[in-house]
Amino acid sequence: MTKKTYATVTGILSTQIAIASFILGTLIFFLHQLFPQEDVIFVIGFIYVLTALFINGIVVLNLIHHFIFFQNHREYFGIKILIVLANIPIATLFFYLTVNRINLFYF
């Protein structure tokens, strides 16, 4: 596999991971909104967020590495980094809505 092929595959995989993270996170969020009394959905969502944070973190680090070393493809990897990082505000919004719905901070 050439460097260019590897770089292209890495970019495609990062986009697929970002889309899968968004879809799974949204699905878990909507399940929690539909069944707010089900604690198991909340626990699954919490475990999912930790797992997605770890996996997406590795993907971003890999893309940053490629951004630095594949100087001819910086724009390509910069866009891929932004695609993966786009999940952060979405996850923050879902967290905000979830916390306000179940009042975690109300003692």
Carbon and sulfur together cover what percent of the accessible area of the chain at a 1.4 Å probe radius?
75
Which whole-number percent is the relative contact order of the chain (Cα, under 8 Å, 6+ apart)?
34
Please report the accessible area of residue 10 (heavy atoms, 1.4 Å probe, ligands and nucleic acids excluded) in Å², nearest 10.
20
When all protein chains stay in place, what accessible area (Å², nearest 10, 1.4 Å probe) is found for residue 67?
70
Choose one of 88, 32, 48: the residue whose Cα lies farthest towards the positive end of the charge dipole of the chain (beta-carbon charges +1 Lys, Arg; -1 Asp, Glu; about the Cα centre).
88
Quick one, which of (1) 65, 28, 19; (2) 43, 39, 21; (3) 54, 22, 16 is the actual Cα extents along the principal axes in Å calculated for this model?
(3)
Quick one: putting +1 on the C-beta of Lys and Arg, -1 on the C-beta of Asp and Glu, what dipole do you get for the chain around its Cα centre, in Debye to the nearest 20?
420
The chain: most fluctuating residue of 34, 82, 97 per GNM, C-alpha cutoff 10 Å
34
Accessible surface of residue 44 in the full protein assembly, 1.4 angstrom probe, to the nearest 10 Å²?
90
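The values are calculated or read from the model by the stated rules, or taken from the named source; none is laboratory data. Note that the structure is a prediction, hence the values are computed from the model and not measured. Every residue, glycine as well, gets a Cβ built from its backbone with ideal geometry; the counts of neighbours run over all protein chains shown. Quick note on the areas: whole protein, heavy atoms, side chains included, nothing else; ligands and nucleic acids left out. Shrake-Rupley method; radii C 1.70, N 1.55, O 1.52, S 1.80 Å.
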